[in-house]
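Below: one structure, written as structure tokens.
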Amino acid sequence: MIIAKRSKQAPTGAIRLMHRVYKYVLPSVDAELAKLKEKAQHIPDPELRQQALNSIRDKKFHCQGGGVYAAANLQYHEVLISLIVALQTISDYLDNLCDRSTSLDADDFRMLHQSMLDAINPTAKLQDYYAYRTEKDDNGYLHGLVQQCQTQIRKLPAYDKVQPHVHELVSLYCDLQVYKHIAKDQREEKLLSWWRLHQNKYPQLQWNEFAAATGSTLGMFMLFLNATDPELTEQEGQAFKNIYFPHVCALHILLDYLIDQAEDKAGGDLNFCSYYKDEASLVERIAMIVNRAREDVQHLPESGFHRLIIEGLLALYLSDPKVQQQSDVRKVSKQLMKRSPITRLFFLMNSMWIRKQQA
């Protein structure tokens with residue numbers, strides 16, 4: 001599939017990208033999250049209020065990372081930031097509700113995540129997403145997030161060309177969230193059965209790597225960005241999805257799980273990095289996925305921008321303070337950072353600086 005190279009404005013150099021991140025992305029993300037925090041503080045139900053506030057406080061960097069895609073098209077950056085922050089906040093809020101849940105009900109998790117499917121469908125009607133749980137009164141918080149996504153999606157000129165692929169990625173994401181949060185004695189069996197439905201399409205992956213890929217929102221955000229191009233074709237929309245999924249998406253979530261191993265073990269949470277037989281296998285598989293992701297994005301018209309995303313992911317996660325607290329993860333990190341390109345070192349310093357400012 002040949003993707004047309006049209007005139008765009010995405011930064012392909014690290015310095016120019018970070019200039020836009022500091023000038024446009026971070027302030028806009030902060031402003032959006034401040035509005036959402038104000039709404040979350042007025043949620044009547046104490047459990048829902050606590051999880052909404054915790055998701056904003058503890059997972060802010062998810063919105064900051066996703067917001068980087070808005071730096072590729074400044075004309076639409078406000079639309080993209082509002083959309084990305086709203087969808088990511090739904091994801092983080094629901095993840096909190098399921099992770100620290102008062103429920104182990106698959107129907108509950110499925111209904112909660114119907115909100116994400118409705119959020120990416122501009123014609124969907126709102127539903128009772130709390131239908132299967134006792135905590136219900138959020139003062140319209142989740143409905144507001146869904147409507148915010150729908151409102152911004154209507155402003156994307158080529159969304160109809162990517163909507164089927166966004167729906168596919170969100171559907172896979174929702175499946176994962178249901179299966180990984182049910183009772184511990186059921187989740188692996190459900191995940192493996194689910195994997196068997198898809199493994200013929202991704203023979204290069206192991207089941208845990210496929211599951212990790214489905215947990216990423218980056219493919220969705222990339223498709224939102226490309227939907228700002230009024231000349232986008234349906235064939236290009238399909239090609240863009242295939243370029244990001246599974247390798248770029250898998251890299252994103254495997255790095256997230258890599259640094260969370262100690263935390264997940266203590267909390268009894270499922271961690272996809274724990275399924276490798278040893279440290280050498282873990283390094284080998286993640287390195288393979290890094291290389292495949294780099295190769296894949298070379299097929300994109302603005303491959304330089306997307307290569308920066310990959311190097312930024314490695315820098316962001318491998319500079320996390322959690323790495324220094326886990327000796328085995330620190331060793332893996334050093335091996336993955338060997339022969340690190342200058343751009344990754346640049347992002348490493350910027351990631352550390354941004355964390356310092358937020359401390």
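The values are calculated or read from the model by the stated rules, or taken from the named source; none is laboratory data. Just so you know, these numbers come straight off a predicted model, no measurement behind them. Neighbour counts run over all protein chains shown; Cβ positions are idealised from the backbone, glycine included. Keep in mind that these areas ignore ligands, DNA and RNA; they rest on the heavy atoms of the full protein, side chains included. Shrake-Rupley method; radii C 1.70, N 1.55, O 1.52, S 1.80 Å.
Laid out as a table, the results:
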{"quantity": "Calculated SAXS-style log₁₀ I(q)/I(0) at q = 0.21 Å⁻¹ - the range 253-327, Debye, Cα scatterers", "calculated": "-0.98"}
{"quantity": "Highest average packing first - 71-79, 191-199, Cβ atoms within 10 Å", "calculated": "71-79, 191-199"}
{"quantity": "Total charge dipole magnitude, the range 1-147, about the Cα centre, Cβ charges on Lys, Arg, Asp, Glu only, Debye to nearest 20", "calculated": "1020 debye"}
{"quantity": "For the chain, built as a Gaussian network whose Cα springs stay under 10 Å, the top-fluctuating residue of 65, 219, 304", "calculated": "304"}
{"quantity": "Carbon + sulfur, % of accessible area of the range 123-235 - ligands and nucleic acids excluded, 1.4 Å", "calculated": "47 percent"}
{"quantity": "Solvent exposure of the range 143-258 as accessible area per residue, Å², 1.4 Å probe", "calculated": "35 Å²"}
{"quantity": "Value of relative contact order over the chain, rounded to a whole percent, pairs C-alpha under 8 Å and six or more apart", "calculated": "17 percent"}
{"quantity": "Ordering of 146-157, 11-22 by burial proxy (mean other Cβ atoms within 10 Å per residue, highest first)", "calculated": "146-157, 11-22"}
{"quantity": "Average accessible surface area per residue within the range 29-89, 1.4 Å rolling probe, Å²", "calculated": "39 Å²"}
{"quantity": "The range 64-120 - percent of accessible surface contributed by carbon and sulfur, probe 1.4 Å", "calculated": "45 percent"}
{"quantity": "Highest to lowest packing among 169-181, 31-43, scored as the average C-beta count within 10 Å", "calculated": "169-181, 31-43"}
{"quantity": "Pairwise centroid distance, computed over Cα atoms, of the range 74-102 with the range 46-60, Å", "calculated": "12 Å"}
{"quantity": "For P(r) over Cα pairs in 10 Å bins from 0, in percent, calculated from these coordinates, the label among (i) 5, 20, 30, 27, 11, 4, 2, 1, 0; (ii) 5, 25, 36, 27, 7, 0; (iii) 6, 25, 34, 23, 10, 2, 0, 0", "calculated": "(ii)"}
{"quantity": "Proximal lysines relative to residue 37, as straight alpha-carbon distance under 24 Å, when same-chain residues fewer than 8 apart are discounted", "calculated": "23, 59, 60, 136, 356"}
{"quantity": "Of 39/265; 35/155; 125/161; 161/184; 184/334, those spanning more than 30 Å from alpha-carbon to alpha-carbon", "calculated": "39/265; 161/184; 184/334"}
{"quantity": "Accessible surface of the range 245-334, 1.4 Å probe, proportion on carbon and sulfur as whole %", "calculated": "47 percent"}
